[in-house]
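The next block holds one structure in the form of structure tokens; read it before the comments.
The values are calculated or read from the model by the stated rules, or taken from the named source; none is laboratory data. Here the structure is a predicted model, which means the values were calculated and not measured. We place every Cβ from the backbone using ideal geometry, glycine too, and count neighbours over all the protein chains shown.
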Amino acid sequence: MAKKVFITGASGCVGHYVVQRLLEETDFYVYLLLRDRAKLQIPVPSERGHLLLGGLDRLEEYGDILGQVNYVIHLAACWGGSEAEVHRVNVERLMTLVQLLSLERCDRLIYFSTASLLDSQNQLIPAAATLGTDYIRTKYTALTQLRQHPIYHKTTVLFPTLVFGGGPAQPYSHLSAGLKGVMTYAPLIRFVKADGSLHFIHGYDIAQMVLPLLMDPTTQELVLGMPRQTVNQLVAEFCQFCRVALGWQLDLTPWMINTLIRLFRVQMAPWDHFCLQQRHFTYRAIAPKIWDSLPATLPSATFWLK
């Protein structure tokens, strides 16, 4: 009998890549929980899956299904709105979801968090709970509560870094959707440099890792990202892509940035100010090329690689 997978957030960018991979490479039967059927661009044959409408608000209606599934992939999240709404979706609905699962039947929960919660050693940043946006704070709370639930011992928590992705068959990620607007600033971007670094990853690459993680019985928390890139490397590559030559570059030091903020009276939220002081958003991250090269016998801790 085919394994059953319950997926939230399937109509998003990463969700599309994940569902496509499952349909193409497994015989799993998928249950897709959707707020808006029109946003799903993937055809799901009736013999391979079922669409459940209403989103996280109707989880209780699908309690019988949740009690029978073998795997759950929880991608859905609330990015904005009222503080109460963000907390309800990101924390309360998550806990409702896990309460409806059968600890005996459910073999694996994959929960998507965010790398913004972590420091360079992949440990939670306390400031995320106090200074973070509503989204960041609720993701912090959700993870701490999930760690206390019995299902955590069958859970893999994924912390994606900056996510690119999208195309004719998938919606664009928030980052990719904003690139077109950024490209108009290429003539100005080429004149700046700054001390900073980050990771990014593509939605397709995330989907490549989800399937083997469903089969892995180990409790893990993994940051998903390609090798670290400096801001100056990205500026150079961006200008090359836009066919704009690098010119003389103004070094945006922390002192200069803070001076400009005061001079132009830029209003910044506490989390924005905290991130500006951090500058280096680097983690012990994994990506498909690293994943595929690891021997199957290595312990899970070995996956914490740069």
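The table that follows gives values for the structure above.
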item	result
Count of residues meeting criterion [closer than 14 Å to Ile110 by Cα, free of Cβ contacts under 8 Å to residues at least 24 places away in the same chain and among the small types (Gly, Ala, Ser)] in region 125-162	0
Flag for Glu92 being free of Cβ contacts under 8 Å to residues at least 60 places away in the same chain, outside any helix (DSSP H, G or I) and not aromatic (Phe, Trp, Tyr)	no
Exclusive hit being under 19 Å from the mean Cα position of the chain (by Cα) and not aromatic (Phe, Trp, Tyr), set Gly181, Gly196, Gly132	Gly132
Number of the condition not met by His280 [criteria: (1) within 21 Å of the chain's Cα centre (by Cα); (2) surrounded by 15 or more Cβ atoms within 10 Å (Cβ to Cβ)]	(2)
Residue list for region 242-271, restricted to those being of a type outside the set (Asp, Glu), modelled with pLDDT of 85 or more and outside any loop (DSSP other than H, G, I, E, B)	Leu250, Pro270, Trp271
Test result for Asp107, within 18 Å of Val210 (Cβ to Cβ), surrounded by fewer than 20 Cβ atoms within 10 Å (Cβ to Cβ) and at pLDDT 95 or above	yes
Residues that are surrounded by 12 or more Cβ atoms within 10 Å (Cβ to Cβ) and among the aromatic types (Phe, Trp, Tyr), drawn from region 57-86	Tyr62, Tyr71
Test: residue in region 102-110 that is hydrophobic (A, V, I, L, M, F, W, C), in the same structural domain as Tyr29 (by TED's automatic domain parsing) and farther than 19 Å from Thr156 by Cα	no
Members of region 23-80 found to be among the β-branched types (Val, Ile, Thr) and in contact (Cβ under 8 Å) with a residue 40 or more places away in the chain, listed by number	Thr26, Ile42, Ile65, Val69, Val72, Ile73
The lone exception for Pro217 - which of (1) part of a loop (DSSP other than H, G, I, E, B); (2) not assigned by TED's automatic domain parsing to the domain that holds Gly12 it fails	(2)
